[in-house]
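The values are calculated or read from the model by the stated rules, or taken from the named source; none is laboratory data. Predicted model, so just to flag it, every value in this text is computed and none were measured. Positions of Cβ are generated from backbone atoms using ideal geometry, with glycine treated the same way; all protein chains shown enter the neighbour counts.
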Amino acid sequence: MFGALAVASTTFTSCKDYDDDIKDLQAQIDASGVNLSAEIQKLEGLLATNKTACDNAAAELAQAIKNATNDANGYAEIQAAEAKKAAVDASAALIEQAIENLKNGELQAAQSKADAAYTLAEQAKAAADAAAGVAGEADKLAKENKANLEKLSKGLGETNDQLEKALQQINKLTEDLKATNTALAGVKDELATTNKQVQDNIAKLTALESALNSLKESNNTAHEALSEKDTELQRLIEANQASISDILENKIPELSDKLTAAENTIAQHTADINTNAGNIQTNATAIANIQNDIRDNVKPAIQANAEAITALQGEVSKINKYLDILAENLNNLITGLILQDEQLEIVQAQVVSDVNKTGLTGLTFTELSGSKTLVWFPYKNAAGAKKNLIVGKWNVERLAGPVYYTINPTNVNFTDKANINLENSLMAAPANIAISAPEASTRKSPITRAADEAPANGLYQSLITNSDVLRDSKHAGFANSYALFTRYNQADKEGKVTVKSVYSQYALNLNVVDARVQTAPEIKPVGADATHPTVCDARFTTEFGNPMTGKFNLLPQNTEFGKTKESAKVYRKYVEVVAISNARNQAQTGDTYKNLKKAIDAANVGILNTIFEEDTPGFDQITVTIPDAEGAYNFIGSTVTFRYFIQNYDGTIYSTDIKVMFAKTLFEEGVVTIEHTPYQSGVNTMLNGLKADSKTDFQVEANCIAVAASNKLWYENTNKIEIKAVGTDYCKIKTVEFRSAEKTNNPKWIDETPIATINMNETNSGSVSNLTVANVQKIKNMIFTYDPASIKVEKEYTFEMYSYDLNGNLVSKLPIKFKMKYPNHHASLISPNPAYFLPYDKNLTAEGLAGKTLTAWANNHKQVTGGYDATYNIIAAFNKDWYNADGCVISFDYTDKKDYEQTNSIYKDYKPVNAWRLNWLTAATDYTMEVPAKAVAYKSEHQYKLQVAVECFGVKSLWYAPYEFTVVFKSAIAWANFKWKNETYEVEYPSSAILIGDDEINADDPSTSVADDIIYFGDNRDNRIKSTSVKLKDTQFASLFKTIEVTDNGIKIETAETVPGGVGSITTEPITFTFSVEDYYGNVLTYDFSVKVKENK
């Protein structure tokens, strides 16, 4: 017993430790305008009462020790007194600290201490609860305590002497306080305005005195019977908690505003307060002595068994450690651990021999290994399979679950920084149990007081794991409750380092229970389509351009908190692919299936063919990705069968299958634009080639697939085609026929039976179904049949053609723009000049322009940002007149405009710079084409497909364009027939030079028919040349030449002997040079010539 009391004595706070605290407390009282005379008289009365109480308590304590029986009751009585004294001291220290916080205005720190007080009360309650369970052990320890009681009696005698000295100090303090009252009387009037604030402080002190009296009365009452110990102790704790909560939660907020005003007065009277520092120090010492006296001499009243009291005393010691830390600068030290919630459960089961509950045959689930039978999961030879379970062994859960707790102070980030451990009241850690480093928790209400939208207030979580997972015998469980704790070193003012420990309450229970068996696994799609075809159990439809994915919950799911509640826990899970069918519901087999499965597995590494354990990602939910294609096979619209395995803790394995279809639009179509110009309408003369019974119908064709590369995907998957007219004022079409070939010479396609026909009957929609692959593969075009009297001229109508596969999945959507054009007029205005077109045709007409090419010599360059454009006036190739009085005019347009507009088109870099349509506005120059320099690349010139037609009546849209030809821009500089007049030139050395000028070059200009040589040098250099240069090609002869350059007069080659005498003889072979000519379009032409250096003889 003496040893236990000795431990308790280390938790007492000395008079010296409270000096600074009492000094600040007195400063708070003085600065707040307290009537110190009245307060000191009140304090003197309290001190007198306390002295009497101390004297009585000392006498009663000595008598109790003297009369103590050598049994559990005597031991418990003394130990309970020590515990009660420590609890009262802790409450007093907390109230003092709260008052100090009021002085400094540190409301946030006060709130933290309120949290700590709440923690302390919870810990004391937990310790009291623990004490009730071990009362029966008291008698066993009674005999061992006799010698300790004798030692304790002696020690208490010494304590009585110290108490007498303390009483003497209190008497002296009384005199000192009277002197202090006189000294402070001078400032009484000036502090009167803040007196009301101090009255609140007095009320708190009154409440404290009342609380202390209540504690004393409860101690006397508790002494009546050992059986009432637990109830009385709990009531005391609750009384302390209520008192502290009332002060900190209700009165502190009321004082906040009042303190603001008090601070101004405090600043004015700092000098006066400083003069009273000595008296305040004396007050601090006296108050500390009173606190020690109360703590050391409270009459023991609670009777409890020895082991429970020892545990309670340890808790009180921890409470004092919390208070010590609160008095120090926090500096990132942990001041409190509050266990908020724990959901811990470890299940176990003995592994059985009959584990295959899947109903599957032909698979191996167990195998002998010596004298042991090993269990495979999911089965032997499965990808990633394991065999770590042994029949007859006990399989114990590794993951016990998470624990949630608060670390104070809450303004410090302890993530991965604090060393948190587990320990029971016997200071023993649970065997084979580990706790992970603290991790900031996002879990909120009800276990944290943080607002719903605010971060959790200092809330952390750690994972409890068990390493004793495969046992020969059943796990016996853990008999004790555990606390979270941490330890760290702390230095005092003298630099002495002590080890500090911080504990939570002992309320963490590690439950080991028998595992139940889960027999109904379910793989449940998340976010799948609301409906699906009958050939599958679910369908995921993905937007075009996104990968095909499917999310699944793997049921049953182990709960977030580790406890299974109504569901049985699952040991492990596994998902694999077991079947694949294409978009036409044809099962894939053999090597095809193997390759397709391999592609899916490769896209889902760590998801499929992976064993998931309870705390691994994917245990409760997975997301599967299906590739769009594997080689020639297209996965879009395919059905994949997944098999989901679970394994229970007893080793039994169950499975279930699910068929899932993955779909998205196979390809995205560009807009198809249809423009049609009828010659007549109504009952007028019918169009050439039409049957008499169809004279009011006109037809126009369009490609069914705008993107040719997607044609194979289209015919392999399309089973149904639907046409919808968009809008309320929709285009009234009679029929849409699907044909196999373009027959432009016979618009009615009289000789061919349509492959499929949609009868629109001038309604807004129609469809055709049950199309075979062979039939769809034949379709190349669609034919619109319409009555021009039923639609508006020049109005653009919109259709959408939907293609669906056999299961109703969308294959593609083709937007169609349709417009009826005005008829052709004044086509005779188009008169091409045969001299401009190749191949040459003397009798060239507009109808003969097809296949003809117009060479546009880029003789005029236009400077633009980053380079130059080429221009050419195309109207020069056509004879006048170009327009007439009706407002009809020759107009040029590009056949393949859409190819230049597409961002991914190979033609986008060649897009003409000026307007698409070239027609007469005010002058012939309006027909000038302007193209980028890239279109004039030598021998890689771009071919522009142009149409020429007559634009009627000055209306741009009334334009009919049957005549097509090609325009190619060429650089005359690049295509010039360049020749040197001499094959080799000769120069002497040293210091000799030759000049090769324009007279040595023949270069006929291809853009003219006259013999007109191009000039390369000087002021008369051709303005189509951007630059010229010359360099030595045979660089091994570089030292022979001093100058190699282009001058205004030509190419200058000058020799020089760099090292005199260094050349013994000169080669008789010609030396090659390169002359380079660059035009304004980036074309660089190189022409080699040779120079022979005369031999040195």
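Key figures for this structure:
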read-out	value
Exclusive hit being of a type outside the set (A, V, I, L, M, F, W, C), surrounded by 20 or more Cβ atoms within 10 Å (Cβ to Cβ), farther than 30 Å from residue 345 by Cα and touching a residue at least 24 places away in the same chain (Cβ under 8 Å), set 582, 634	582
Search result, residues across the stretch 637-654 that are buried (at least 18 other Cβ atoms within 10 Å of the Cβ) and farther than 30 Å from residue 514 by Cβ	637, 638, 639, 640, 642
Any hit, the stretch 604-619, residues being outside any helix (DSSP H, G or I), touching a Leu at 6+ places or on another chain (Cβ under 6 Å) and touching a residue at least 24 places away in the same chain (Cβ under 8 Å)	yes
Odd one out for residue 670 among (1) assigned to a strand (DSSP E or B); (2) over 26 Å from the mean Cα position of the chain (by Cα); (3) surrounded by fewer than 17 Cβ atoms within 10 Å (Cβ to Cβ)	(1)
Filter pass, residue 989 being more than 30 Å from residue 877 (Cβ to Cβ) and in a loop (DSSP other than H, G, I, E, B)	yes
Only listed residue being crowded, with 17+ Cβ neighbours inside 10 Å and in contact with a strand residue (DSSP E or B) (Cβ under 9 Å, 6 or more places away or on another chain), chosen from 808, 766	766
From 880, 911, 852, 842, residue being modelled with pLDDT under 90 and either β-branched (Val, Ile, Thr) or in the same structural domain as residue 944 (by TED's automatic domain parsing) (or both)	880
Selected residue [of a type in the set (Val, Ile, Thr), within 55 Å of the chain's Cα centre (by Cα) and not in a strand (DSSP E or B)] from 931, 1010, 968, 913	913
Residue check for residue 773: surrounded by fewer than 16 Cβ atoms within 10 Å (Cβ to Cβ), among the aliphatic types (A, V, I, L, M) and either under 23 Å from residue 628 (Cα atoms) or in contact with a strand residue (DSSP E or B) (Cβ under 9 Å, 6 or more places away or on another chain) (or both)	yes
Per-region count, the stretch 482-513, residues more than 38 Å from the chain's Cα centre (by Cα) and modelled with pLDDT under 90	13
Residue that is nearest to residue 645 (Cα to Cα) [pool: residues in the stretch 551-591 that are modelled with pLDDT of 95 or more and of a type in the set (Val, Ile, Thr)]	575
Test result for residue 979, within 30 Å of residue 836 (Cβ to Cβ), among the basic types (Lys, Arg) and in a strand (DSSP E or B)	yes
Failed item in (1) loosely packed, with under 15 Cβ neighbours inside 10 Å; (2) touching a residue at least 24 places away in the same chain (Cβ under 8 Å); (3) not basic (Lys, Arg), with residue 882 passing the rest	(1)
The stretch 339-382 - residue that is assigned to a loop (DSSP other than H, G, I, E, B) and small (Gly, Ala, Ser) and, of those, surrounded by the most Cβ atoms within 10 Å (Cβ to Cβ)	382
Out of 751, 729, sole residue that is under 18 Å from residue 815 (Cβ atoms) and modelled with pLDDT under 90	729
Some residue of the stretch 438-447 being closer than 13 Å to residue 485 by Cα, in the same structural domain as residue 401 (by TED's automatic domain parsing) and modelled with pLDDT of 85 or more	yes
Count - residues of the stretch 399-429 that are part of a loop (DSSP other than H, G, I, E, B) and buried (at least 16 other Cβ atoms within 10 Å of the Cβ)	7
Tally, over the stretch 782-808, of residues that are in a strand (DSSP E or B), of a type outside the set (S, T, N, Q) and modelled with pLDDT under 90	5
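Yes/no matrix, rows are residues, columns are (1) at pLDDT below 85; (2) aliphatic (A, V, I, L, M); (3) within 44 Å of the chain's Cα centre (by Cα):
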position	(1), (2), (3)
674	yes, yes, no
698	yes, no, no
705	yes, yes, yes
709	yes, yes, yes
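Every residue, every condition in (1) hydroxyl-bearing (Ser, Thr, Tyr); (2) modelled with pLDDT of 95 or more, yes or no:
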residue	(1), (2)
363	no, yes
404	yes, no
407	no, no
411	no, no
